[in-house]
Each structure stands twice: as C-alpha cells, then as structure tokens.
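Heads up: the structure comes next, in structure tokens.
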Amino acid sequence: TQSGPTIFFIFGGTGDLTSRKLIPALYNLFLEGWMPENFQIVAMGRTQFTDEKFRGELLTDVNKFSRSGEAKQWDSFSQHIHFHVSDVQDPKTYKEMYERVQSFAQVAGTEPNVIFYLAVAPRFFATIAENLAAYKLTANPTKSRIVFEKPFGHDLESAKELNKLLSGIFTEKQIYRIDHYLGKETVQNILAFRFANSILEPIWNRNYIEHVQISVTEQLGVGDRGGYYDDSGALRDMVQNHILQLLCLVAMEAPVNFGADDVRNRKVDVLNSMRKFSPEDVQKNAVRGQYSKGWMQGQEVPGYREEKGVKKESNTETFAAIKFFIDNWRWHGVPFYLRTGKRMHQSSSVITIQFKDVPHQIFPTGSSEGWQQNKLIISIQPEMSIRLKMQAKRPGLDMILNPVDMIFDYKGTYTTETPEAYETLLLDTMLGDQTHFMRGDQVEAAWELLMPIINAWATKKSTSFPNYSADSWGPESADALLARDGFHWFTLP
Ligand code: BG6
C-alpha cells in the first residue's frame, strides 16, 4: 500500500537522526516502491543550505548508513527533498510552511497528507506544536500528523503536561510518539508468534512459566551524547520506553484484533497491573550501575565520569536491573527481571522465558550433562532468532541427556532483507497506522511505574559509583538480584 500525496516536514533537518535514520529509511521505502507517487520531504533548519547543497550532504550519509549500500536512483529520489531555511521560534517559518503546503496541494490537485516530524530537543516540542496549530497547519485531523521523537517527558509530571498541551491542539489520532523498538522486525514478531500459534497460549502463564528476563545490553558507551545522557540515565533512556514496551508485548492479553487501540489497550493493562515500588522495594529490587574505564576489544575506553558532557561526580546510572511483578491472574508470582546497560560485555537484546522444571525426575542422577529447564529465547538483535531449549538424549549407547536448541533463525529461514525500524514506522505514519506508536496513557503509565525508582535514586546518591568496569556484565548486585531467587542471567553464546 502507498499513501496519497504526502508532504513530510522534518524539524531538526540537519541533525544526526535525519541523515542517519530518517532519510535512509525514506530512501529505502522509495527504492522498494512504498513511497507515494507524489511526495515532498522538507528538512527544516537554520543553516543556509540550498536544496542542492543539502542533497549532496545527505548522499554521503545515505551511502554510509543505508542498508541498500551505494545509492542507486539517488537523483530521482533526492529531487523530492528540499531544505527550508527556517527558525522554529519565528512565525514567518510557519507562514511559509503553510504556503508550501498550499502550493503542493494545488499541483497535486488534492489535499495532501502532511506529516510533521519533530527530530528536535524536547524543549522545542511545545513551541512547534502551538505554532503549527496557530498557522492552521494541522487543522484537518485526518490529513495532518505530528511525530515526536523520544524522550516524551522527563518524568511523569512533564509527560502529563505535554500530553495535556497536545490534546488541546490535536486529536490523539494525529499524535505519533515514536519508540523505535516497536518498529523492529523481531519485536513485531512477538505478537505474531504469540497470537498466530495455538500451542503457546495454554502454557503462557504462571502455571508453566517460572520467570521472564528481558536483557538489552550495549557495548557502546555514551559517546558524544554525554550531555543528554547525564540528565537521563538508563531508566529514562531505555527502561521507560523500549524495555517496558517489550515487557508489554510478552505479558499482554490477546487483543480482540490488530487495531491500534485494541493492541494498545491490552498493553496499557499490563503497565497498570505492574506492582508499584515502595522505597523498600527500590532498595531490594532495583540495582543501578555506572561504568568505569576499561578495555573493550583491545582498546582502552574512558569511564562514564570521564566522558564528554558528563559531570565529574555524576550520579547518573548507565546500568539498571529491576525485578517487577505483574499483579493479575496470568502472571501472579512470576518475576520479570529487566536489565540494560552501556559498555557491557555484549551488545544483545534477548527475552528469555524460563519454564518450570519437570515435576518428577525419572532419569538417574548423573545422566544429564548440564540440565537446563526449558527456555524460550527470543533474540531481538543482533541475532534474530527464537530458540526453544529442550533436553534430548545424546546419541550413544548410554542414556545421557543434554540441552539442545530448536532454532528458528531469520538468516536460515528468509532470504528477504529486513527493513530498518524507521522504515516500518515512517511508512506507518504515512498510512496513518498507530499500532506501533505509544499512546499518551501508555507513556504516562510507564512513567508512573518508574517514578519511585527515579526519585529514590535521585535523592539518595550512589556511594559506590562507578561500580562496574567496561566490558563486564554490570555490577555484581545485578547478578545477586537473580541469584537470591535461584536464577542467573541468561546470555546467548
Ligand atoms: C535509544 C537510546 O533510544 O536506543 C540509546 O537513546 C540506545 O541510548 C538506543 O543506544 C539503542 O537502540 P538500538 O536500536 O541500537 O538497540
């Protein structure tokens, strides 16, 4: 499907996100025939670029970051790109945008879809939204959409305020809050896997599942984003959005259908049924960490407090591990352990569902090599796979069991290329499908859940930071969090 004529404005047109993610994504959509026949991409920014100069700059990045490699058909694609020298604070900008939309509409002979993508710092969100409305750019709720990059709010209060402001200007159907994890192929497959197969549902509950782990670790440090990150930390940067969304996909009830609101209703149910933390729970069930310097792949890397833009005595966590409970019939008593961190030993995002052990052991002691309970391992990246860990009899004349994997992996199964998360999500915005975007109440519910931890950590500074070295699996207390319950973090080899 393609949408009708579309004009796509990008605020923050000269930023990294535009050149590394948005333009390469739109370009790939174009190559694969998903872009509308008639479209314009208008990058907004203060730099005095001509269209031609700007297109040239983009090409360098597209060659570097696009999955389709060296640009083909760049000339025909880039003709659709314009640079609009502008200033988000200046009313003139919005007047000019209005005129641009009018003349595009005139040529197209119809009212176009108008998308406003805010790839800018959150402090500009309100100004831009208010001006768009004031200049009647979003007057038609079925044709105009506004997309927000994260972070959506800095805490519960600011998220509520922003939602309130936006709901006074737009309908919820016009608002697209991005969580790029929801555009990932393997993340989208979680619902397909759960709800297009009949054998999982009967065992997908507290009767069969012992615990769940969601681990999203990165080798990267904060790089040149120290300024932003030091005010955020792992809870705000990763848990509030990406990781809680993954948790919702694993834990949600079956929606009635795949409609945006049906899916999002079931997700917000999960967030609402998660047990809120008391101050004692924070002590007991939440672990924070900050990396110190170390060696990664033969290179010395700085500690977090030595990174550019980071305060020397920073109390910001670059690692978090939390044990949650979901208080409903399906999940009563099943712990959900989450962890995320920067400068970790491996970059991988993996969800592990560990099933309960067999009720009675018939095989004699000593007949198993490394007994493991059944696990379903959903690997989101870099490996894209689902594995079911089973016990099997090792071939041979004696009865020896060992754990084996039944594997579905994308590489071996499909020959088609996997689209980037942003391709999927940008296409959805053009088609007007909000299923994979965060609704306002979801964002607030996620903030609400985390606020006790965020507040406790802000008030009580850590005395042990830095407490894990680069290239490790995080602080020891994160291992202890599971060990206490008789578990350990699972990692793919
Ligand atoms: C972003 C965070 O939202 O997600 C980054 O701000 C993080 O800190 C990134 O590195 C991880 O995304 P991905 O797609 O590389 O797993």
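Within the range 138-164, the set of residues being in contact with a strand residue (DSSP E or B) (Cβ under 7 Å, 6 or more places away or on another chain) and either away from the ligand (no atom under 16 Å from the Cβ) or of a type in the set (V, I, T) (or both) comprises T138, K143, S144, R145, I146, V147.
Scan F363, F408 and give me the residue that is at negative phi, among the hydrophobic types (A, V, I, L, M, F, W, C) and modelled with pLDDT under 95.
F363
Taken over the range 371-387, the criterion of being among the hydrophobic types (A, V, I, L, M, F, W, C), part of a loop (DSSP other than H, G, I, E, B) and touching a residue at least 40 places away in the same chain (Cβ under 8 Å) is satisfied by M384 alone. Checked against (1) hydrophobic (A, V, I, L, M, F, W, C); (2) away from the ligand (no atom under 16 Å from the Cβ); (3) modelled with pLDDT of 95 or more, I178 passes all but condition (2).
Yes/no matrix, rows are residues, columns are (1) of a type in the set (D, E); (2) within 12 Å of the ligand (Cβ to nearest atom):
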site: H211; (1), (2): no, no
site: D237; (1), (2): yes, yes
site: A254; (1), (2): no, no
site: V268; (1), (2): no, no
site: M274; (1), (2): no, no
site: F277; (1), (2): no, no
site: E306; (1), (2): yes, no
site: K311; (1), (2): no, no
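Here P475 meets each of (1) crowded, with 17+ Cβ neighbours inside 10 Å; (2) within 16 Å of the ligand (Cβ to nearest atom); (3) more than 26 Å from K164 (Cα to Cα) with one exception, condition (2). Among strands (runs of 3 or more DSSP E) entirely within the range 202-305, having at least 1 residues that are of a type outside the set (S, T, N, Q), in contact (Cβ under 8 Å) with a residue 12 or more places away in the chain and buried (at least 19 other Cβ atoms within 10 Å of the Cβ) singles out 209-217, 286-289, 299-301.
Looking only at residues in the range 37-53 that are in contact with a His (Cβ under 8 Å, 6 or more places away or on another chain) and among the hydrophobic types (A, V, I, L, M, F, W, C), the one that is surrounded by the fewest Cβ atoms within 10 Å (Cβ to Cβ) is V42.
Of all residues in the range 402-434, those satisfying the criterion of being under 15 Å from the mean Cα position of the chain (by Cα) and among the hydrophobic types (A, V, I, L, M, F, W, C) are A421, L425, L426.
Which of the following residues is charged (D, E, K, R) and either within 16 Å of the ligand (Cβ to nearest atom) or within 29 Å of R343 (Cα to Cα) (or both): R288, R264?
Working: R264 fails: either within 16 Å of the ligand (Cβ to nearest atom) or within 29 Å of R343 (Cα to Cα) (or both).
Of R288, R264, the one residue that is charged (D, E, K, R) and either within 16 Å of the ligand (Cβ to nearest atom) or within 29 Å of R343 (Cα to Cα) (or both) is R288.
Tell me, which residue of the range 181-201 that is part of a loop (DSSP other than H, G, I, E, B) and over 13 Å from the mean Cα position of the chain (by Cα) is farthest from the ligand (Cβ to nearest atom)? Among residues in the range 181-201 that are part of a loop (DSSP other than H, G, I, E, B) and over 13 Å from the mean Cα position of the chain (by Cα), the one farthest from the ligand (Cβ to nearest atom) is S198. Residue check: W34 meets all listed conditions (1) more than 15 Å from M430 (Cβ to Cβ); (2) surrounded by fewer than 20 Cβ atoms within 10 Å (Cβ to Cβ); (3) of a type outside the set (S, T, Y) but one, namely (1).
The values are calculated or read from the model by the stated rules, or taken from the named source; none is laboratory data. This one's a predicted model, so the numbers in the text were calculated from it and none came from an experiment. Because the Cβ atoms are built from the backbone with ideal geometry, glycine has one as well, and the counts that use them run over all protein chains shown.
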